[in-house]
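Participant: Got a structure here, written out as C-alpha cells. Questions coming.
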Amino acid sequence: MAKTVKDLKRDYEGYDFVAPFKESRAGNYLLQELNLFATSPSKAPTARVADIVESEAKELTQNDRYGTDTNAVVVDKATMYEAEIPVVHQTASVRPHDWQGKLSAIDGKEMTIDECIAARADRFNIDYKERVEKDLSMAIFQGKAEAIHTDAGNVDFSAVTGKSPISQEIDFGALNTNELTTQFNKARRALNKELLGARSFVEGMIVFCGAELYDSIRTNAYQRELTQYNVPGSSKNAYTNQLIAGFEFFDAMNYRFILIDDDRYEIDEKAGLMIPKFSRTDVNPLRLIQGPCSRHQTVAQGGVQARYGWTNVDDHGMIQMEQEFSQLPLNLRPNFQMKLKIKE
C-alpha cells in the first residue's frame, strides 16, 4: 500500500540512520582497524588538550636526621593545546526518481523507499570512514591535520610541539645479505630513548613499509636462514600472504611489518615508518577528538558521538538525509615515530 505524507513523516522525520548501520561491511581502513588512536569526546567545538610532560625521576639525596634540609618535589609541566574541531556535513535526498521503475536487488520487484534510505545510509557510512582514514593518515604519515575552515587553519604537529620524527637507514647490502636484527635493535633503542617512561606501555611495534622496503626485509637472506632453522624471533607468516584490512603483513624481530601500497598513505617505496602501539590511552600521543553536533538543534543537545544522522520530510513527502561528524586527529609526539630508509 502506498505511503501517505503523514506515513512518511511518522516513519522518517528525525530518523537516526546512524545506529542501525554501525555494523557495516568491511573496507580497506587500515588505521581504523589497527586502532592506533585514543578517542576522546569534546562537548565544545573547540578541543582543549592538556599535554603533561612528566619530569625525569629525581635522585633523592640523603638528609641530616635532625636537620631541616629536605628534597624538593619536581612538578610535571603541562602545556595546553587549543584548537577548533573541523566539521563535515553531507546530504542526500530520496525522491520518486530514485525508486520509480528501478528493480530491487532483494526480490526483483520495484525498489522501495526503505531500500533507497538503506542504500544512502550505507554510502554515508562509507564516506565517513574514508574521511576518517584520510585524517588519521595525515596525522601519522604527514604529521598534519586539515582544518581549512577554522580560524587557525591547518595544523603542523612538528611546528606546534617542537618535535619531529627521528630517522635511521637500513643497510641491506649489495645482495640483500646483511644481518638485520642488529639494525632494527638499534632502531628500537633509539626510539626507546624518545619514549622514556611511555615505553612501559608499548604493546607492539608496527612498521609501515613501502613496497621495496617490505620486499627487501621479507626476502633478506639472513632472515630466510633464521626462518629455515626456526630460530625464535624469526619471520612468521612471511610467505603466507596474511592480511589486515586487505593489507599484506608479516611478523619478524618483534615487529609487525605492513605493506603500504595505497595512495591514501603517503610513504615512499624505499621508506618506512616505525610507530609504537600503546596499551594505555592516557600515554598514547595519537588522539582523535570528536566534537558535538552543530547543525541540528535537537541532536546537538544529545551526547557527543562519532557521527550524527537525521532525516527531514517536507510537505510533499520528499525525504532529505543528512549526516555530520566533527573530528580532529592529534599527533602530540612526532618524535615517537621513526622514519626508515633503504641505504643507497
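Participant: Since Phe208 meets every condition but one in (1) at pLDDT below 95; (2) closer than 27 Å to Asn35 by Cβ; (3) surrounded by 18 or more Cβ atoms within 10 Å (Cβ to Cβ), which condition does it not meet?
Facilitator: Failing condition for Phe208: (1).
Participant: For residues that are surrounded by 15 or more Cβ atoms within 10 Å (Cβ to Cβ), over 17 Å from the mean Cα position of the chain (by Cα) and not charged (D, E, K, R), scanning just the range 243-256, find the one that is nearest to Gln183 (Cα to Cα).
Facilitator: Checking each candidate, the answer is Met253.
Participant: Kindly state which strands (runs of 3 or more DSSP E) lie completely within the range 251-326 and contain at least 1 residues that are modelled with pLDDT of 90 or more, among the aliphatic types (A, V, I, L, M) and closer than 19 Å to Ile170 by Cα.
Facilitator: Result: 255-259, 271-278.
Participant: I'd like the residue in the range 320-336 that is farther than 30 Å from Ala118 by Cβ and of a type in the set (A, V, I, L, M, F, W, C) and, out of all such residues, is surrounded by the fewest Cβ atoms within 10 Å (Cβ to Cβ).
Facilitator: Leu332
Participant: Please specify each residue of the range 221-250 satisfying the condition of being part of a strand (DSSP E or B), at pLDDT 85 or above and either within 28 Å of Ala174 (Cβ to Cβ) or assigned by TED's automatic domain parsing to the domain that holds Leu31 (or both).
Facilitator: Glu248, Phe249, Phe250
Participant: Going residue by residue through the range 36-46, is there one that turns out to be in a loop (DSSP other than H, G, I, E, B), in contact with a helix residue (DSSP H, G or I) (Cβ under 8 Å, 6 or more places away or on another chain) and modelled with pLDDT of 70 or more?
Facilitator: yes
Yes/no matrix, rows are residues, columns are (1) surrounded by 14 or more Cβ atoms within 10 Å (Cβ to Cβ); (2) part of a helix (DSSP H, G or I); (3) touching a Ser or Thr at 6+ places or on another chain (Cβ under 8 Å); (4) modelled with pLDDT of 95 or more:
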| position | (1), (2), (3), (4) |
| --- | --- |
| Lys134 | yes, yes, no, yes |
| Ser137 | yes, yes, no, yes |
| Gln168 | yes, no, no, yes |
| Asn178 | yes, no, no, no |
| Ser200 | no, yes, no, no |
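Participant: Let me ask another. So Gly317 ticks every box in (1) in contact with a Leu (Cβ under 8 Å, 6 or more places away or on another chain); (2) closer than 30 Å to Gly210 by Cα but one. Which box is left unticked?
Facilitator: With (1) in contact with a Leu (Cβ under 8 Å, 6 or more places away or on another chain); (2) closer than 30 Å to Gly210 by Cα applied to Gly317, the lone miss is (2).
The values are calculated or read from the model by the stated rules, or taken from the named source; none is laboratory data. What you see is a predicted model, and the numbers here were worked out from it, not measured in a lab. A quick note on method: Cβ atoms are made from the backbone with ideal geometry, for glycine too, and the neighbour counts reach across all protein chains shown.
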